[in-house]
1. Only residues that are open to solvent by 80 Å² or more (accessible area, probe 1.4 Å), over 10 Å from LEU63 (Cβ atoms) and in contact with a helix residue (DSSP H, G or I) (Cβ under 8 Å, 6 or more places away or on another chain): list them for segment 101-127, please.
2. In this structure, does ARG43 turn out to be of a type in the set (Lys, Arg), surrounded by 15 or more Cβ atoms within 10 Å (Cβ to Cβ) and touching a strand residue (DSSP E or B) at 6+ places or on another chain (Cβ under 8 Å)?
3. Would you confirm, using the coordinates I've provided, whether PHE11 is open to solvent by 40 Å² or more (accessible area, probe 1.4 Å) and touching a helix residue (DSSP H, G or I) at 6+ places or on another chain (Cβ under 9 Å)?
4. Do we find that THR28 is more than 23 Å from GLU94 (Cα to Cα) and either assigned to a helix (DSSP H, G or I) or β-branched (Val, Ile, Thr) (or both) in this structure?
5. Just need a number here: residues in segment 14-63 that are free of Cβ contacts under 8 Å to residues at least 40 places away in the same chain and among the hydroxyl-bearing types (Ser, Thr, Tyr).
Amino acid sequence: MSEKKYNVDSFNLDHTKVFAPFVRKAATKVGAKGDVVTKFDIRFTQPNKEFMTTGAIHTLEHLMAEYIRDEMEGVIDLSPMGCRTGFYFTLFGELDEETVANHLLNVLEKVAIWDKPIPATTEPECGNYRDHDLEGAKHFAKQWCDGIKKKGWDAFTQA
């Protein structure tokens, strides 16, 4: 009997065989006009062992989504995973995990020591503006940076 394959790439990932934090290329697609789009799995916490609170992941999303665009061209989207263990990161072009990890490291090192207001946290700017946790975001940013510096970006490398 063959293994079932799902349409969603992350559903086919064996979550027991990866070691957070990591950056994993999840998919590369070429559009009808030749545009290349790459999606990455940016994992902060170990699947099924730890997860981020909604306030922390929401604040990380605001800070990362805003400031990764200063780091990299071609960013399409940065979206939190429903399981709250990380983010999907989509951009134009075909980049490798190490390049993405290095750019994210630059952003998350800033987030880990963030002492300014969180961008876009008013009622007109945000659909859940009351649910933010800067200290939690800083904690997970530091944890990600420390882990990547220790083990590297690879999903299958254990610290």
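1. Result: ILE113, single match.
2. Yes.
3. So PHE11 fails the test.
4. On the way: more than 23 Å from GLU94 (Cα to Cα): no; either assigned to a helix (DSSP H, G or I) or β-branched (Val, Ile, Thr) (or both): yes.
The answer is no for THR28.
5. 1
Per-residue answers, yes or no, for (1) part of a loop (DSSP other than H, G, I, E, B); (2) among the hydroxyl-bearing types (Ser, Thr, Tyr); (3) over 30 Å from ASP35 (Cα atoms):
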{"site": "THR90", "(1), (2), (3)": "no, yes, no"}
{"site": "ASN106", "(1), (2), (3)": "no, no, no"}
{"site": "CYS126", "(1), (2), (3)": "yes, no, yes"}
{"site": "TYR129", "(1), (2), (3)": "yes, yes, yes"}
{"site": "ASP146", "(1), (2), (3)": "no, no, yes"}
{"site": "TRP153", "(1), (2), (3)": "yes, no, no"}
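The values are calculated or read from the model by the stated rules, or taken from the named source; none is laboratory data. Predicted, not measured: the structure shown is a model, and the values here were computed from it. Glycine gets a Cβ as well: all are built from the backbone with ideal geometry, and neighbour counts include every protein chain shown. Heavy atoms of the whole protein, side chains included, go into the accessibility calculation; ligands, DNA and RNA do not. Shrake-Rupley method; radii C 1.70, N 1.55, O 1.52, S 1.80 Å.
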